[in-house]
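**Student:** I have a structure I would like to understand better, so I am pasting it below and will then ask my questions one at a time.
Readers should treat all values here as calculations from the given coordinates under stated rules, not as data from a laboratory. Keep in mind it's a predicted model, so treat the numbers as computed, not measured. Cβ placement follows ideal geometry from the backbone for every residue including glycine, while neighbour counts extend to all protein chains displayed.
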Amino acid sequence: MTKLTWLSHATWLIEHGDLRILLDPFFTDNPAAQVQADDMDGITHILVSHGHFDHVGDVASIAKRTGALVVATFEIAQWFEKQGVSPCGPMNVGGTVPLDVDGITLGHAKMVPAIHSSGLPDGSYGGSAAGFVLALGDKKIYFACDTAYFSDMKFYAHGVDVAVVPIGDVFTMGVDDSIQAIQRIEPKLALPTHHGTWPPITQDVEAWAVRVREDAKCEARALSVGESIAIE
Ligand code: NI
Ligand code: MN
C-alpha cells in the first residue's frame, strides 16, 4: 500500500512501507500550509524537483533534523551540501536511484524531464528542472512537478497508476493543458497539484475533476490540504 498526502502547494508526503518521502517541502511563508517544517518527522528521503523557493525552502532544515537523504539534480545537491546538508543524493534527468531504508531497497525514483526553470533563491544555477516517476511495489506514480505540457510525458509516464499534474497555470501548465497531458498519459487516477496557494494559481478543482473524467476518461480526485489517498 502506498499513501499519498497533499500538504498544499506542490508538497507531497509519500509513504510506502518504511519509506516516508517528502516531495518539494514548502511550509515556511506558504499561506496554504496547515503544518510546518518542524512537524515533519521520520522522513527518509526528500525529493527536490527544481530550485525555486517554493520547492527548496524547507529542505535543509528538515534534512538536517531528520537525516533524510536529499535527492536532487547534481547542482541542487551541491548547493545543499554547501549548507551542511549531508547526505545528498545527486542525480540527473534520465537517471533512476534506489530508495533505501536501512540498506533495503523499497522503491525507485526516476528523474524525468520537465519544461520549467530551476534557478536557486540566491541566484545559483540549479541545473534542469525535473519531474519524478516513483516505482513503489507494483505501483507507479508520476509527479510531473512544475512543468509545461509536453507530449513526451506519455513516453515517461504512460499508464502509470497515479499522475500528479500541476493545474495552477501562470508558472506551470494550467487546466486545459493538464487535460491534454492526462489524455496522453492515461493514468488510472489523476491528482492536481501546484494550485490554490495564492490567487494567481487558484483553480476550481472540482470543475477540473469533472473535466478529467469527461474529457480524459480518467478518474480524478482533488485532495484538500492534509488529505490522504491510499493506492492499493
Ligand atoms: Ni517553479
Ligand atoms: Mn513552483
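**Student:** Out of the range 3-20, which residues are among the hydrophobic types (A, V, I, L, M, F, W, C) and over 19 Å from Ser224 (Cα atoms)?
**Tutor:** Passing the criteria: only Leu19.
**Student:** Same structure, new question: For Thr73, state whether it is touching a residue at least 12 places away in the same chain (Cβ under 8 Å), away from ligand 1 (no atom under 16 Å from the Cβ) and in contact with a Gly (Cβ under 6 Å, 6 or more places away or on another chain).
**Tutor:** So Thr73 does not fit the description; no.
**Student:** Now for a different question. Would it be correct to say that Lys82 is in contact with an Asp or Glu (Cβ under 7 Å, 6 or more places away or on another chain) and not acidic (Asp, Glu)?
**Tutor:** Against the criterion (in contact with an Asp or Glu (Cβ under 7 Å, 6 or more places away or on another chain) and not acidic (Asp, Glu)), Lys82 does not qualify.
**Student:** Please go through the range 140-151 and give me each residue that is surrounded by fewer than 18 Cβ atoms within 10 Å (Cβ to Cβ) and within 14 Å of ligand 1 (Cβ to nearest atom), ordered by number.
**Tutor:** Within the range 140-151, Ala148 is the sole residue that qualifies.
**Student:** Across the range 21-49, which residue is farthest from Leu69 (Cα to Cα) among those that are touching a residue at least 40 places away in the same chain (Cβ under 8 Å) and away from ligand 1 (no atom under 16 Å from the Cβ)?
**Tutor:** Here is the first cut: in the range 21-49, the residues touching a residue at least 40 places away in the same chain (Cβ under 8 Å) are 21-24, 30-35, 44-45, 47, 49.
Cutting the leftovers down to away from ligand 1 (no atom under 16 Å from the Cβ) gives us 21-22, 31, 33-35, 44-45.
On the way: Ile21: 9, Leu22: 10, Pro31: 27, Ala33: 23, Gln34: 24, Val35: 21, Thr44: 6, His45: 5 Å.
Ranking the candidates gives Pro31 first.
**Student:** Looking only at the range 129-139, which residues are surrounded by fewer than 22 Cβ atoms within 10 Å (Cβ to Cβ) and either outside any loop (DSSP other than H, G, I, E, B) or within 12 Å of ligand 1 (Cβ to nearest atom) (or both)? First the steps, then the outcome.
**Tutor:** Within the range 129-139, the first condition is being surrounded by fewer than 22 Cβ atoms within 10 Å (Cβ to Cβ), and the residues that meet it are 133, 135, 137-139.
Correct list: Val133, Ala135, Lys139.
**Student:** What residue, among those in the range 159-185 that are more than 17 Å from the chain's Cα centre (by Cα) and more than 16 Å from ligand 1 (Cβ to nearest atom), is farthest from Thr147 (Cα to Cα)?
**Tutor:** If we filter the range 159-185 for residues that are more than 17 Å from the chain's Cα centre (by Cα), which is where we start, we get 159, 170, 175-177, 179-180, 183-184.
Retained after the next criterion (residues that are more than 16 Å from ligand 1 (Cβ to nearest atom)): 159, 175-176, 179-180, 183-184.
Numbers: Gly159: 19, Val175: 13, Asp176: 14, Ile179: 14, Gln180: 13, Gln183: 16, Arg184: 15 Å.
Across the range 159-185, the extreme among qualifying residues is Gly159.
**Student:** Enumerate the pairs (first residue in the range 123-142 and within 14 Å of Gly107 (Cα to Cα); second residue anywhere and within 16 Å of ligand 2 (Cβ to nearest atom) and hydroxyl-bearing (Ser, Thr, Tyr)) with beta-carbon separation below 9 Å, excluding pairs fewer than 6 apart on the same chain, so at least 6 apart or on different chains.
**Tutor:** Close Cβ pairs (under 9 Å, with a partner that is within 16 Å of ligand 2 (Cβ to nearest atom) and hydroxyl-bearing (Ser, Thr, Tyr)) amount to Phe132/Ser49.
**Student:** Now a separate question. Of the conditions (1) touching a strand residue (DSSP E or B) at 6+ places or on another chain (Cβ under 6 Å); (2) within 16 Å of ligand 1 (Cβ to nearest atom); (3) of a type outside the set (S, T, N, Q), His116 fails just one. Which one is it?
**Tutor:** The single condition His116 does not satisfy is (1).
**Student:** May I pose another question? I'm told Gly42 meets every condition in (1) touching a Lys or Arg at 6+ places or on another chain (Cβ under 6 Å); (2) within 29 Å of Thr202 (Cα to Cα); (3) of a type outside the set (Val, Ile, Thr) except one. Can you identify the failing condition by its number?
**Tutor:** Single failed check for Gly42: (2).
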